[in-house]
Amino acid sequence: MSTVPRPPAYRIVILQLALALISALIAWLHSDVAAKSALYGGLTCALPNAYFIWRAFRYSGARSAPQIVQSFYQGESWKFLLTALCFMVIFQRVEHLNVLALFAGFITVQLGHLASAKVARL
C-alpha cells in the first residue's frame, strides 16, 4: 500500500527566513536600526508561520482527517496569537525602532506566500 508523501512545506519557512534576511540587508543601506527593525518584522511573520506549518502538517492520511482539520485550526489560531505577541514584545522592549522598516520586513515576508507554491512545488 502506497502513501501520499507529505508536502515539502518546510521550504516555505526557508524562503521566508531568506526574505527576512534580504529585507534586513536592504534596510541596512539606510541604517543599523532599520536593518534590525526589518529583521524583526520578517521574523515576526516567519516564525509564527513556521509554527503553523509544523502544526498543520503533523498528520497525514485519510484516517487522520479529523486531526488534520483540528491541527489547521489550532495552528492558525496560535499563528495569529504569536504574531500579535511578537509585535507587542517588539513595541514594548525595543528602544530604537524604525517602524516603517519593521512593517516593510513583515510585508515582504508575508508577500513571500505568493512565491511559496512555486518554491515548495505544491
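The values are calculated or read from the model by the stated rules, or taken from the named source; none is laboratory data. Since we're looking at a predicted model, the values are computed, not measured. Each accessible area value is taken on the protein alone, full model and side chains, heavy atoms only, with ligands, DNA and RNA left out. Shrake-Rupley method; radii C 1.70, N 1.55, O 1.52, S 1.80 Å.
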I'd like the carbon and sulfur percentage of the solvent accessible area for the chain, probe radius 1.4 Å, heavy atoms only, ligands and nucleic acids excluded. 69
Kyte-Doolittle at least 1.6, axis length at least 24 Å by Cα - qualifying DSSP helices, the chain: 10-28
With the contact rule set at Cα under 8 Å and sequence spacing of 6 or more, what percent relative contact order holds for the chain? 42
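Full extension from residue 100 to residue 76: what is 0.36 nm times the residue separation minus their Cα-Cα distance, to one decimal in nm? Spell out each step's value before the answer.
Values: separation 24, 0.36 × 24 = 8.64 nm, distance 2.59 nm.
Gain on stretching residue 100 to residue 76: 6.0 nm.
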